[in-house]
């Protein structure tokens, strides 16, 4: 006992503290909830085989003024496509002869509302053998969603959400089409994640002239720029 006490005193003199009981670490123990969250697999970052600019900032080509009857003028101003208000619609569209992917692609552009109280930067795009429209600021200026899913408009189906859009502010609109779903973003926020497996995908009759790819405004003056079309690399993206 005397020798043990002398050993403890020696440790205190050397380290300045009492010895702690030895702790054991189990090798291969199950990770905690925090560890599991850290090591959980994250979705692969989309990879693209090709990126194509669809606007050079100087000329309208390859876009055309969509003929609705009552459409406003479309011009190139300060590196942007400016679309004046129509009665009710103004749009630009690619010609039907333009070669476009119908799936596994992503379209992105920037849009700004100059003035108006309804949709702007609303894009119609191919989905397989059909077409769909991502509405931006519809039904009085706030509705975002897809028209149409199973015959229901963006204001009525499960893709509907509400967002306030400020005049004079640029917004980045992005839509991605795969065989399984349509996804959409405004800036960095994902606003649409809609499965299309077993669903009927269509567009409203008013926007048929926007096919195969078109961007439209409703009683609104807007600007468009930085239009890019990207082809999804299915193998590298893990799709």
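Kirkwood radius and radius of gyration were both taken over the C-alpha atoms of the stretch 52-232, and their ratio Rg/Rh is 0.92. Legend: calculated FRET efficiency, residue 60 to residue 206, from the Cβ-Cβ distance at R0 = 22 Å, rounded to 0.05, equals 0.50.
Over the stretch 126-213, the pair-distance histogram of Cα-Cα distances with 10 Å bins from zero comes to 17, 52, 28, 2 percent, rounded to whole numbers. From least to most packed, judged by other beta carbons within 10 angstrom and beginning with the fewest, 227, 215, 221 follow the order 221, 227, 215. When you count the other C-beta atoms within 10 angstrom of each residue and take the mean per peptide, 187-195, 203-211, 84-92 line up highest first as 84-92, 203-211, 187-195. Between residue 84 and residue 199, the FRET efficiency from the beta-carbon distance, with R0 = 25 Å, is close to 0.10.
Straightening the chain between residue 97 and residue 231 buys 46.4 nm, computed as 0.36 nm per residue apart minus the Cα-Cα spacing. For the pair residue 142 and residue 50, label points projected 7 Å from Cα toward Cβ lie 4.2 nm apart. Sorting 132, 80 from the fewest to the most surrounding beta carbons within 10 angstrom yields 80, 132.
Quick note: the coordinates plus some simple rules give every number you see, no bench work behind them. Computed from a predicted model, the values in this text were never measured in an experiment. As a convention, Cβ positions derive from the backbone with ideal geometry for all residues, glycine included, and neighbour counts pool all protein chains shown.
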